[in-house]
1. Picking from B:Asp98, B:Asp83, B:Asp46, which residue would you name as being acidic (Asp, Glu), closer than 29 Å to B:Ala202 by Cβ, within 16 Å of the ligand (Cβ to nearest atom) and touching a helix residue (DSSP H, G or I) at 6+ places or on another chain (Cβ under 8 Å)?
2. Would it be correct to say that B:Ala62 is outside any helix (DSSP H, G or I), within 12 Å of another protein chain (Cβ to nearest Cβ) and of a type outside the set (Phe, Trp, Tyr)?
3. Anything in the stretch B:135-156 that is facing chain A (nearest Cβ under 8 Å) and assigned to a loop (DSSP other than H, G, I, E, B)? List them, or say none.
4. Consider A:Arg286 carefully, then state whether it is under 25 Å from B:Leu16 (Cα atoms), surrounded by fewer than 24 Cβ atoms within 10 Å (Cβ to Cβ) and of a type in the set (Lys, Arg).
5. Suppose we filter the stretch B:176-199 for residues that are surrounded by 19 or more Cβ atoms within 10 Å (Cβ to Cβ) and touching a residue at least 40 places away in the same chain (Cβ under 8 Å); how many remain?
6. Take the conditions in contact (Cβ under 8 Å) with a residue 12 or more places away in the chain, surrounded by fewer than 23 Cβ atoms within 10 Å (Cβ to Cβ) and at positive phi and apply them to B:Gly65. Does it pass?
7. For the stretch B:101-121, give me the residue count where each residue is in a loop (DSSP other than H, G, I, E, B) and either acidic (Asp, Glu) or within 14 Å of the ligand (Cβ to nearest atom) (or both).
8. Tell me yes or no: at least one residue of the stretch A:190-197 is of a type in the set (Ser, Thr, Tyr), modelled with pLDDT of 90 or more and not in a strand (DSSP E or B).
Amino acid sequence: MNDSGDRLRAGRRTLCGAACALVLLGCGPASGQTTQDVIALPTPRVQAASSPSAGAADLRSPDGGVLHSVAAADGRIVGVGATAGGAAAWSVGSDGAWTQHRLAAAADVPQLDAVALAGPSVVAFGGDGQRPSRMWVADGGTTWQAVDADVVGIDGRVNAVTAVSGDRWIAVGDRVDPEGGESYQGAIWISEDGRSFTPVTSDLALAEGTLSDVATTGDTVVVVGFDINGGKVWSADDMSAFSAATGPFEAATVEGVAATNDGFVAVGRGIADLRPLAWTSEDGRRWQRADVEAGDVRPEDQIRDVSTVDGVVIAVGGSLDSSVLWTLEDGLRWRRRS
Amino acid sequence: MAATERAYRTIGGVPLRYLRTERPLTQYYARSTAEFEDKLDAFSQDLAEAAPRSYGPLLYIATAGAYVNKPKYHGLGRAFDLDLVRWEHKRCSPLRGDHEYRWRATRRRYIAVDALARRRFKYVLDGWYNGAHRDHMHLDDGGGALVFNAGYRSDTVFVQASANVMINAGLVVDGLYGPKTRRAFATMKDRLEIAHRVSRDARLYRAFLWRLALRALRNKGL
Ligand SMILES: [Zn+2]
């Protein structure tokens with residue numbers, strides 16, 4: 001990290017609960033060189049049991065749909081993404097199957113990118129990848145309602161959102177170059193009502209960069225991303241001031257982060273060979289590379305979201321038009337699912 | 001068309017490197033669509049062919065990334081971030097900020113590489129475009145036909161900077177295509193004996209860019 005001096009101002013916060021199981025791992029094709037030696041660390045412990053709960057273990061991608069983000073809380077699981085018909089939202093019913101919801105005012109929206117859940121409230125973001133993300137909310141109903149952009153106040157593209165203590169929300173993403181559509185600056189927005197968001201800062205000092213994911217546990221919020229110089233990780237206590245974390249993130253993209261029973265795990269790829277990489281941290285501030293097993297992640301697989309479901313960390317991703325869901329099993333490896 | 005359908009460690013036969021680590025990586029496996037790699041190959045061949053013999057052969061091209069997992073063209077396998085072009089005896093280093101380097105010959109070399117990139121990629125975001133590109137050149141093939149577009153800031157800042165470096169036009173590089181910029185562009189086209197229809201005729205625009213690069217690589221104004 002070469003910007004340890006960056007500090008991001010934010011509002012208050014707390015934290016989200018759901019501890020997670022976790023592990024990390026990865027897999028990798030390839031030979032290719034890494035920029036530093038891989039450090040084998042103790043595997044983060046799975047929270048309750050050493051195997052996924054039935055709910056998480058049975059999760060698959062929805063038929064005909066591509067998952068971009070999954071959220072779980074209080075026994076509920078929701079997912080968002082796309083179908084051939086455009087943006088889509090689902091929840092898992094009592095039979096364990098995905099049920100698709102109706103999205104109001106989404107006819108011209110190709111996909112949803114991020115979803116978070118707290119109690120009965122769902123917040124989701126999506127759009128065309130060029131203009132600022134739009135927001136949908138649901139409070140227990142079957143139709144997800146669009147929220148007026150003037151109310152939402154999001155001025156960029158949201159890649160991830162999470163609930164904080166059930167009554168606050170934090171979204172991360174980037175601002176988009178109006179001409180070429182590339183992200184040029186990371187962005188964080190926070191909300192106390194799940195409707196109206198305000199930016200934490202106007203400049204995250206990312207060069208052609210993006211913020212890809214956010215996770216919370218205890219009093220700590222971790223935001224991850226990457227730019228032209230490699231991976232970037234920030235952490236904050238009480239969401240009042242984000243500061244750059246330290247760790248071996250060079251020559252890497254950091255694409256997802258999840259809370260674990262022992263802190264956090266972040267996942268990404270080597271920039272020079274797309275080899276899956278992982279980092280762990282107890283406090284969100286100091287990170288180490290974790291040993292990654294070869295496994296079920298292919299070079300062409302995008303990792304779109306990493307989250308915790310029933311104490312198990314899952315990742316969703318795949319290619320542009322195919323959906324892959326991985327679960328972490330036994331704290332050792334990604335297991336690829338449909 | 002998968003974003004990662006091609007994996008390669010050379011373009012146009014020239015090795016790729018990665019310099020943004022303590023110890024530079026001498027092998028870099030880029031991934032992109034096949035069509036995009038073909039364009040990179042052509043760009044690399046142009047870099048070798050346009051340079052005077054005194055430069056020596058192209059040794060390597062340093063990149064900061066091609067396919068990476070983020071929205072738009074990098075995520076589609078249709079973008080490439082250029083850090084450095086290394087001939088045996090000369091280099092052009094966007095990574096070092098060569099677009100504003102103190103020696104005019106170095107700035108001209110940057111203009112040449114920029115111009116050659118524009119013959120293959122509609123969107124070239126360079127050091128004059130915005131702060132995010134002061135240390136690399138972003139190339140992608142979105143944006144439509146390979147003609148000059150006065151409505152694109154990415155095109156107009158390049159024309160303004162070229163006019164300053166090649167004919168001492170003294171323009172403010174602000175991306176606004178006003179009368180002074182228009183006149184300076186016309187002067188450059190005249191001196192390179194290119195008809196003025198570069199906004200409509202891709203063949204003419206590419207010829208302009210080629211002749212501009214040949215002069216700039218030889219540290220000759222127009
Ligand atoms: Zn780029």
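The values are calculated or read from the model by the stated rules, or taken from the named source; none is laboratory data. Since this is a predicted model, take the numbers as computed values, not measurements. Reconstructed Cβ throughout: ideal geometry from the backbone, glycine too, with neighbour counts over all protein chains shown.
1. Criteria check complete, one pass: B:Asp83.
2. Working: outside any helix (DSSP H, G or I): yes; within 12 Å of another protein chain (Cβ to nearest Cβ): yes; of a type outside the set (Phe, Trp, Tyr): yes.
Considered against the rule, which asks whether it is outside any helix (DSSP H, G or I), within 12 Å of another protein chain (Cβ to nearest Cβ) and of a type outside the set (Phe, Trp, Tyr), B:Ala62 comes out as yes.
3. B:Asp135, B:His136, B:Gly142, B:Gly143, B:Tyr152
4. Considered against the rule, which asks whether it is under 25 Å from B:Leu16 (Cα atoms), surrounded by fewer than 24 Cβ atoms within 10 Å (Cβ to Cβ) and of a type in the set (Lys, Arg), A:Arg286 comes out as no.
5. Total meeting the criteria: 1.
6. no
7. Narrowing the stretch B:101-121 to residues in a loop (DSSP other than H, G, I, E, B): B:101-103, B:119-121.
When the remaining residues are screened for being either acidic (Asp, Glu) or within 14 Å of the ligand (Cβ to nearest atom) (or both), the result is B:121.
Summing the residues that are in a loop (DSSP other than H, G, I, E, B) and either acidic (Asp, Glu) or within 14 Å of the ligand (Cβ to nearest atom) (or both) in the stretch B:101-121 gives 1.
8. yes
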